[in-house]
Amino acid sequence: MMLASAGSAVLAGCGGGGGGSSDSQAAGKTSASTNPASSTTSTPSTNGTPVATTTAANTTASTSTSNATQPANTNANDASSQAPAASDGLFYGINGHMAWGEGIYMTMPPAAQLAILQDLGVTNYRCDIADGGMATTLANALKGPFANSGVSILPVFNPLSAHWDPHSSEADAYALGYDLAVRCTRPLKGLVKYIECGNELDVDLKIAGDGSSRADWDPACWPSFRGALRGMIDGVRAIDPTIQCGVNVGIPMAYGALQMLWNGISPDGTVQGVSGAASLRWDFTSYHWYKSSGDIQCGGRNNACIDVLQVLKDSFNVPIWLTEWGWSGANDTPQSAAAYTSRALTQYRAIKDKYNIQSIMMYAVMDRNYGLMQLDGVTKNPAYAVFKDFIAANPV
């Protein structure tokens, strides 16, 4: 739920009838707003009509009318006949907020943050950004202490802090997403290989169910949701087409939303939805899964026992990144948090090849309720040693 509350005031009137943020992975997580730059960048003409993203994988939208509640292969092979193999160098990751303009992540220099990551054995650091200045902070770290360190950075765009309005038109949301991506990608060109486009934009669009069905989603806000994602993907590729883009959701069973985006389906209150919209294509599927959601290999309500990872693999046939996972915040004791960390690492390490899991990124390195360390940047919680020792004993 990195920075999810930054746009809560905007999202309050959009959906939420089915529980909204109460379904999110880690409701109440500490967050902070940002001050995006006011500069703009010209974007391709959108004239309000959805257009497919500019990628070789683009295909005609699916016209399937199956209920998204039932996991199924949703024509992933028309994007890629063979999913690329997982890259071991990215596997052990963690979240942080190196570009924030306040708190411990601002006062602790990037070199000191890197030292913690290296002590843990982490090789992939996820950091949120919402403007060109924040992106430049990451770029300076990548050209400075992180250069040749063996630790990469995954930037994640946060449209909520860039004033994304879920009630806006698809064209306006596309323009905002495109501009955000261009401003953030330009300083990072040549320095990163992966970017995550958006963070949990789905959370307050769910109006019913658990997110697995097409009927669970708000038709009024869906075009803006889709437009912002399309714009970010296109903006990244306009600056550097070699960067691989990922898209995530924040509701545990929201694979249904990803399937709709992939197949050009829009919600209309029915389990079929309506076809004919632009179909999105991303290079890796991001997903968030916390202890409170249960077992990702046996998830869902009413003992449904859905293998969410298998659904993601079958639906999109691209690598899977768990870009947020962790215990249940203040609901866990330090000891139960450490125990969960051990169980989760053991599970994800054992199944990485089965599902083509490319990276697992814990939330977070420093946080009051979710951190391996406290916000003083010194105090280590019991899970710190568990995390470090597991990585040392289980290299990939």
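The values are calculated or read from the model by the stated rules, or taken from the named source; none is laboratory data. Everything quoted here is computed from the prediction, not taken from an experiment. With ideal geometry, Cβ positions are generated from the backbone for all residues, glycine too; neighbour counts draw on all protein chains shown.
Quick notes on this one:
- Among the candidates Tyr287, Tyr348, residue that is farther than 22 Å from Ser212 by Cα, modelled with pLDDT of 95 or more and buried (at least 19 other Cβ atoms within 10 Å of the Cβ): Tyr348
- The number of residues in the stretch 198-247 that are surrounded by fewer than 23 Cβ atoms within 10 Å (Cβ to Cβ) and hydrophobic (A, V, I, L, M, F, W, C) comes to 7.
- Qualifying residue in the stretch 360-374 (condition: under 27 Å from Lys193 (Cβ atoms), touching a residue at least 24 places away in the same chain (Cβ under 8 Å), β-branched (Val, Ile, Thr) and assigned to a strand (DSSP E or B)): yes
- Boolean, Phe316 is closer than 30 Å to Asn369 by Cα and at pLDDT 95 or above: no
- Matching residues in the stretch 250-277 - criterion: being in a loop (DSSP other than H, G, I, E, B) and buried (at least 20 other Cβ atoms within 10 Å of the Cβ): Gly250, Ile251, Pro252, Met253, Ala254, Gly264, Ile265, Pro267, Gly273, Ala277
- Taking the listed residues Leu160, Leu191, Leu176, Leu117, the one that is of a type outside the set (S, T, N, Q) and touching a strand residue (DSSP E or B) at 6+ places or on another chain (Cβ under 7 Å) is Leu117, with no other qualifying.
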